[in-house]
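Working notes, structure below.
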Amino acid sequence: MQLTLSIPALLFPAISLTMLAYNARYLAIAALIRQLHAQYKKTGSKSVGRQVQQLRKRLTLIKNMQATAIFSFLLAVITMLLIYLEQTFWANLVFGASLFALILSLILSLTEVQLSTKALAIQLQDIE
């Protein structure tokens, strides 16, 4: 396959939208943590404590999701530079690493969604 400038450029909108979604998750969790912190100070509920543990894990995952997405974006830019400099071997190698970083970011996202579901289950148990 011939790697051209347009191929790594195709990753730009995908990675940008992914990072936007990750940022929205981060902001939602930050707001929830602030809300739970106030609730915990009032009630000292064990349920809130369990939710906070889940949120801590989710924050770590989101940080890693964002980092790998940014790394993927950076590698896509480097790929374009290498194509411009006619370094085909290195461009292919770096582009493969960029795709791998994006895959890793998406796997982390899937894991975070599963943790999110567990956090909701904790709240549902508390309601029941």
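Comparison of Ile127, Ile122 shows that the only residue that is at pLDDT below 95 and open to solvent by less than 30 Å² (accessible area, probe 1.4 Å) is Ile122. Against the criterion of being assigned to a helix (DSSP H, G or I), open to solvent by 60 Å² or more (accessible area, probe 1.4 Å) and in contact with a helix residue (DSSP H, G or I) (Cβ under 6 Å, 6 or more places away or on another chain), Phe71 qualifies. Tallying residues that are open to solvent by 80 Å² or more (accessible area, probe 1.4 Å) and within 15 Å of the chain's Cα centre (by Cα) within the stretch 88-119 yields 6.
Picking from Leu106, Leu102, Leu17, which residue would you name as being without any contact (Cβ under 8 Å) to a residue 60 or more places away in the chain and part of a helix (DSSP H, G or I)? Write out each step before concluding.
Working: Leu106 fails: without any contact (Cβ under 8 Å) to a residue 60 or more places away in the chain; Leu102 fails: without any contact (Cβ under 8 Å) to a residue 60 or more places away in the chain.
Exactly one of Leu106, Leu102, Leu17 is without any contact (Cβ under 8 Å) to a residue 60 or more places away in the chain and part of a helix (DSSP H, G or I), namely Leu17.
Mind checking whether some residue in the stretch 76-87 is under 30 Å from Ser116 (Cβ atoms), within 19 Å of the chain's Cα centre (by Cα) and part of a helix (DSSP H, G or I)? Explain how you work it out, then say what you get.
In the first step, residues of the stretch 76-87 are kept if they are under 30 Å from Ser116 (Cβ atoms); the result is 76.
Next, only the ones that are within 19 Å of the chain's Cα centre (by Cα) stay: 76.
Add one more test, that the residue is part of a helix (DSSP H, G or I), and what stays is 76.
Yes: one or more hits.
If only one of Ala67, Ala24 is among the aliphatic types (A, V, I, L, M) and at pLDDT 95 or above, which one is it? Steps first, please.
Working: Ala24 fails: at pLDDT 95 or above.
So the residue among Ala67, Ala24 that is among the aliphatic types (A, V, I, L, M) and at pLDDT 95 or above is Ala67.
Across the stretch 58-65, a minimum of one residue is classified as under 24 Å from Gln114 (Cα atoms), in contact (Cβ under 8 Å) with a residue 60 or more places away in the chain and within 21 Å of the chain's Cα centre (by Cα). Filtered by the rule that a residue be aliphatic (A, V, I, L, M) and either touching a strand residue (DSSP E or B) at 6+ places or on another chain (Cβ under 7 Å) or open to solvent by less than 50 Å² (accessible area, probe 1.4 Å) (or both), the stretch 5-20 gives Ile7, Ala9, Leu11, Ala14, Ile15.
The values are calculated or read from the model by the stated rules, or taken from the named source; none is laboratory data. It should be emphasised that the depicted structure is a prediction, and the values quoted were computed from it without experimental measurement. Cβ sites come from the backbone with ideal geometry, for glycine too, and all protein chains shown count toward neighbours. To get the accessible areas, we keep the full protein, side chains included, count just its heavy atoms, and leave off ligands, DNA and RNA. Shrake-Rupley method; radii C 1.70, N 1.55, O 1.52, S 1.80 Å.
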